[in-house]
Amino acid sequence: MMPARWREGEAAVIGLGRSGVGAALLLAREGVRVYASDGASGGAAAGGAARLAAAGIEASAGSHDLDRIARATVVVASPGVPPDAPPLAAARAAGIPIVSEIEVALNALEGVRYIAVTGTNGKTTTTALIGHLLRTMGHRVTDAGNIGTPLTEIALRDEKPEWIALELSSFQLHDTPSVNPAVGVLTNLSPDHLDRYATATEYYADKALLFRNASERSTWVLNADDPLVMAMASGVAGAHRTFGIRTEEAEMELAPDVTGGEILWKGTRLLARSDLPLLGNHNVMNAMAASLAVVSADPANATKGALAKLADGLRSFRAPPHRLESVGERGGVLWINDSKATNVNSTLVAIEGMTRPTVLLLGGRHKGEPYTALATDLRRMGRAVIAYGEAAPIIEQDLDSVVRVERMGSDFAAVVARARALAHPGDVVLLSPACSSYDMFRNYEERGAAFRRLAVSA
């Protein structure tokens, strides 16, 4: 149920993309008067405004009524809206509370259990794995949040799921005071979004908001191999359940054997590492995080029969699109779409997993991180780096002494064509940008789809 104070006046929704439209529709359904706006005038904003108008909700694309926003009872900010955007600045100046689309949905989904996943890398794969494992075990579950489906869309459905696997970004956590999951998962931490945060400390502070409503009844799934994670969770109320590859004390661990290792939970074998259809240590960690979250969610998920189904789910899972996604091999060159890698650490994980000479497509909108962290692995595996988009000059400066760097502009078709020309039979062309997509694309999905299309063309 929506807070009574929201009904006392008008809610202002900022952003007319999918999450903003969902929030506006849900608020209106719950009896809250809504005004929605977007600074953009075309594309998704125009389509969102038209959809809301058809539902009888006042919406404007191309401008914001700042005076009206400053009189709202609550402002709902889409995650892509910068915190210094004029409508949010107007709301803060007027003392108007700002909440996320997630917060709106949680108020309408009271009683529905959810497993919340955050961290710097691995969020999407871990969230997708949680959903897949729960479905394999016979639960009604929906994946939502930062993974792609707005939580408000789930709340608008007549039939509610038994469980929600909910991916949360730092931006969403910042404005979601009600977050209180049945199980919370923190995958790992490294600097990110330094184009939006002044320091990594500020970014970590938003991640720590996962624990804002912690109690003795809370359950937290934590990466025991990451000292930043363990330090952040230190002293947080609730049960702390850990996973790790390098830490012997972890509840879920990778035990060595002659075949490459076995995933164990409390000493009980779940499956051999070789049975996991995901490559790389990072995906072993994602699988362990998801498995531990699922067995922690309900005692019924930890029975012998349930664990057998969980193992079956791990064997049958396939990686989500845009995360180390093989899109085909042409002329002996393997093309891999890792458009979801929007920070340097995520790209580092991708390069570490390469076993063939690699032409790396690196670029987009710079997020404030140096690219020098990629140097060691690029010396080992890099055939060339194609630096493109707004970040190209910085990439060239950071890596030109390490590997061949070719600087290009914002013609993505030309970038892919140059990668094709540079790659030799037996090589990999890897799109792992370490940057956001917003200088050239609406989102990383659009970027990945463009790469996929161009990769398979002649």
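If the condition is being among the small types (Gly, Ala, Ser) and farther than 29 Å from residue 271 by Cβ, then region 340-371 contributes 363, 364, 368.
One line per residue, one yes/no per condition, for (1) in contact (Cβ under 8 Å) with a residue 12 or more places away in the chain; (2) buried (at least 18 other Cβ atoms within 10 Å of the Cβ); (3) in contact with a strand residue (DSSP E or B) (Cβ under 9 Å, 6 or more places away or on another chain):
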{"position": "178", "(1), (2), (3)": "yes, no, yes"}
{"position": "183", "(1), (2), (3)": "yes, yes, yes"}
{"position": "187", "(1), (2), (3)": "yes, yes, yes"}
{"position": "193", "(1), (2), (3)": "yes, yes, yes"}
{"position": "215", "(1), (2), (3)": "yes, no, no"}
{"position": "218", "(1), (2), (3)": "yes, yes, yes"}
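Looking only at residues in region 36-46 that are within 20 Å of residue 89 (Cα to Cα) and either among the hydroxyl-bearing types (Ser, Thr, Tyr) or in a loop (DSSP other than H, G, I, E, B) (or both), the one that is modelled with the highest pLDDT is 37. One residue is enough: does region 1-16 have a residue meeting the conditions surrounded by fewer than 15 Cβ atoms within 10 Å (Cβ to Cβ), within 28 Å of the chain's Cα centre (by Cα) and over 22 Å from residue 89 (Cα atoms)? Taking every residue of region 1-16 in turn, at least one turns out to be surrounded by fewer than 15 Cβ atoms within 10 Å (Cβ to Cβ), within 28 Å of the chain's Cα centre (by Cα) and over 22 Å from residue 89 (Cα atoms).
For region 291-329, filtering for residues that are of a type in the set (Val, Ile, Thr), out of contact with any Lys or Arg (no Cβ under 8 Å at 6 or more places or on another chain) and either farther than 16 Å from residue 269 by Cα or buried (at least 18 other Cβ atoms within 10 Å of the Cβ) (or both) leaves 2.
Only one of 165, 128 is out of contact with any helix residue (DSSP H, G or I) (no Cβ under 6 Å at 6 or more places or on another chain), within 23 Å of residue 276 (Cα to Cα) and among the hydrophobic types (A, V, I, L, M, F, W, C); which?
One residue alone meets the criteria, 128.
Of the residues making up region 148-158, those that are part of a loop (DSSP other than H, G, I, E, B), surrounded by fewer than 24 Cβ atoms within 10 Å (Cβ to Cβ) and in contact (Cβ under 8 Å) with a residue 12 or more places away in the chain number 1. Restricting attention to region 96-119, the residues that are farther than 21 Å from residue 296 by Cβ and buried (at least 24 other Cβ atoms within 10 Å of the Cβ) add up to 5. Against the criterion of being farther than 15 Å from residue 423 by Cβ and either of a type outside the set (S, T, N, Q) or not assigned by TED's automatic domain parsing to the domain that holds residue 428 (or both), residue 334 does not qualify.
If you check residue 216 against the conditions, is it touching a Gly at 6+ places or on another chain (Cβ under 7 Å), outside any loop (DSSP other than H, G, I, E, B) and not hydroxyl-bearing (Ser, Thr, Tyr)?
Here the answer is no, as residue 216 does not meet what is asked.
Of all residues in region 78-131, those being in a helix (DSSP H, G or I), closer than 25 Å to residue 2 by Cβ and modelled with pLDDT under 95 number 0.
Scanning region 17-39 for residues that are surrounded by fewer than 17 Cβ atoms within 10 Å (Cβ to Cβ) and small (Gly, Ala, Ser) yields a single hit, 31. Residues in region 47-65 that are small (Gly, Ala, Ser) and in a strand (DSSP E or B): 59, 60, 61, 63.
For region 264-297, which positions are assigned to a strand (DSSP E or B) and either touching a residue at least 40 places away in the same chain (Cβ under 8 Å) or in the same structural domain as residue 353 (by TED's automatic domain parsing) (or both)? Across region 264-297, the qualifying residues are 265, 270, 271. A count restricted to region 352-377 and to residues that are in contact with a strand residue (DSSP E or B) (Cβ under 7 Å, 6 or more places away or on another chain) and of a type outside the set (Ser, Thr, Tyr) stands at 11. Scanning region 395-415 for residues being within 25 Å of the chain's Cα centre (by Cα) and buried (at least 17 other Cβ atoms within 10 Å of the Cβ) gives a total of 2.
Among the residues of region 177-198, not a single one is assigned to a helix (DSSP H, G or I) and farther than 15 Å from residue 290 by Cβ.
Note on region 221-267: residues that are polar (S, T, N, Q), surrounded by 13 or more Cβ atoms within 10 Å (Cβ to Cβ) and at pLDDT 95 or above amount to 2.
The values are calculated or read from the model by the stated rules, or taken from the named source; none is laboratory data. For clarity, every value in this text was computed on a predicted model and none was experimentally measured. Note: ideal-geometry Cβ built from the backbone for every residue, glycine included; neighbour counts use all protein chains shown.
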